[in-house]
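Participant: Sharing a structure below in structure tokens format, with a few things to ask.
The values are calculated or read from the model by the stated rules, or taken from the named source; none is laboratory data. Predicted, not measured: the structure shown is a model, and the values here were computed from it. Note: ideal-geometry Cβ built from the backbone for every residue, glycine included; neighbour counts use all protein chains shown.
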Amino acid sequence: MNSSTDYQPIRQWAEDDRPREKLMNKGRQVLSNAELLAILLGSGSHNDSALDLAKRVLASVSGNLIGISRMSVHDLMKFKGIGEAKAVAIVAALELGRRRRAEEVLEKRKISSSRDVFEYFQPLMADNGYEAFYVLLLNRANRVIRDVQISEGGMTGTVADPRKIFKVAIDHQAASLIMCHNHPSGNIEPSQADRDLTRKMKKAGELLDLPVLDHLIMGDEKYYSFADESQM
């Protein structure tokens, strides 16, 4: 934290250094995450500028925006200088970003790669603090029929029942399906249970003439695809 002798409000900075003016004059792309967050905050605390406060918030999650997106209003209000109004503004802004991404995915309904699957499920799973298991049901043209949540668990795992998965797929007249679940820890390496389930589902899908095309494990902004790794 700056001492009272070093502290200088943003309004006293050179115009090119002020986040709002910088955005107006140079465009949003040139601003750092801290500068964008400072604009949402509007002001800092008694001894910190809005930018200093934004840097403190980011430092608490190692500079990771995903960490901030997981914070509640109450979590944000623990920082000196962030009251309810500022905390609500930050949560609302991040939620708008999440919804925008979700709407972009809805415009692209055909699944052509593992990346398409990741982009589809990211808005649903990005901020989950628990493990959730979904299946994506596809028609013969690889277009999405719908997604179905099969189960959810705690921080360490969830249970996916193959019988339930195939029943859902048959009920919706799917031609194929893709499995997807998240690891809240961020570690996308498959467990032995993940590998066993994938093998079991692949064999059952072949017998039922309902192919299981892939199984994705998601963690933060990355994913593991069994198909990409030639494990299907």
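Participant: Could you grab the pairs with beta carbons closer than 8 Å, sequence gap of 6+ or different chains, first residue in the stretch 28-39 and assigned by TED's automatic domain parsing to the domain that holds L94, second one modelled with pLDDT under 95 and hydroxyl-bearing (S, T, Y)?
Facilitator: From the stretch 28-39, the pairs are A38/S49.
Participant: Still on this structure, please answer the following. Checking G42 against (1) out of contact with any Pro (no Cβ under 9 Å at 6 or more places or on another chain); (2) farther than 19 Å from L96 by Cα: exactly one of these is not met. Which one?
Facilitator: Unmet condition: (2).
Participant: Follow-up. Inspect the stretch 113-128 for any residue being in contact with a Cys (Cβ under 7 Å, 6 or more places away or on another chain) and over 28 Å from N64 (Cα atoms) and give the result as yes or no. So that I can check it myself, show each step before the final result.
Facilitator: Pass one, the stretch 113-128, residues in contact with a Cys (Cβ under 7 Å, 6 or more places away or on another chain): 117, 121.
Next cut, over 28 Å from N64 (Cα atoms) only: none.
The answer is no; no qualifying residue exists.
Participant: Can you tell me which residue is nearest to A193 (Cα to Cα) among those in the stretch 210-228 that are assigned to a loop (DSSP other than H, G, I, E, B) and at pLDDT 95 or above?
Facilitator: Here the residue is F226.
Participant: OK, next. Looking at the stretch 1-53, which of the residues that are in a helix (DSSP H, G or I) and basic (K, R) is modelled with the lowest pLDDT?
Facilitator: If we filter the stretch 1-53 for residues that are in a helix (DSSP H, G or I), which is where we start, we get 10-12, 15-17, 19-26, 28-30, 33-41, 50-53.
Cutting the leftovers down to basic (K, R) gives us 11, 20, 22, 26, 28.
Values: R11: 61, R20: 86, K22: 87, K26: 86, R28: 86.
So, considering only residues that are in a helix (DSSP H, G or I) and basic (K, R), the one modelled with the lowest pLDDT is R11.
Participant: Checking the condition assigned by TED's automatic domain parsing to the domain that holds P184, assigned to a helix (DSSP H, G or I) and either farther than 27 Å from Y224 by Cα or under 19 Å from the mean Cα position of the chain (by Cα) (or both), which residue from R115, R98, R56 passes?
Facilitator: On the way: R98 fails: assigned by TED's automatic domain parsing to the domain that holds P184; R56 fails: assigned by TED's automatic domain parsing to the domain that holds P184.
Residue meeting the stated conditions: R115.
Participant: Using the structure shown, decide if S69 is at pLDDT below 95, among the hydroxyl-bearing types (S, T, Y) and either surrounded by fewer than 18 Cβ atoms within 10 Å (Cβ to Cβ) or within 28 Å of P123 (Cβ to Cβ) (or both).
Facilitator: Values: at pLDDT below 95: yes; among the hydroxyl-bearing types (S, T, Y): yes; either surrounded by fewer than 18 Cβ atoms within 10 Å (Cβ to Cβ) or within 28 Å of P123 (Cβ to Cβ) (or both): yes.
Yes: the conditions hold for S69.
Participant: Give all pairs with beta carbons closer than 6 Å in which a residue from the stretch 205-219 that is over 16 Å from I111 (Cα atoms) meets a residue that is part of a strand (DSSP E or B) and not polar (S, T, N, Q); count only pairs at least 6 apart in sequence or on separate chains.
Facilitator: G205/V212; I217/Y224
Participant: Right, another one. Being within 20 Å of the chain's Cα centre (by Cα) and of a type in the set (A, V, I, L, M, F, W, C): is that true of I165 here?
Facilitator: Numbers: within 20 Å of the chain's Cα centre (by Cα): no; of a type in the set (A, V, I, L, M, F, W, C): yes.
Spelling it out, it is not the case that I165 is within 20 Å of the chain's Cα centre (by Cα) and of a type in the set (A, V, I, L, M, F, W, C).
Participant: With respect to L197, determine if the residue is part of a helix (DSSP H, G or I) and out of contact with any strand residue (DSSP E or B) (no Cβ under 9 Å at 6 or more places or on another chain).
Facilitator: Values: part of a helix (DSSP H, G or I): yes; out of contact with any strand residue (DSSP E or B) (no Cβ under 9 Å at 6 or more places or on another chain): no.
Judged against the criteria, L197 is not a match.
Participant: Does the stretch 182-216 hold any residues that are surrounded by fewer than 14 Cβ atoms within 10 Å (Cβ to Cβ) and either among the polar types (S, T, N, Q) or not assigned by TED's automatic domain parsing to the domain that holds M125 (or both), and which are they?
Facilitator: Selection gives S185, N187, S191, Q192.
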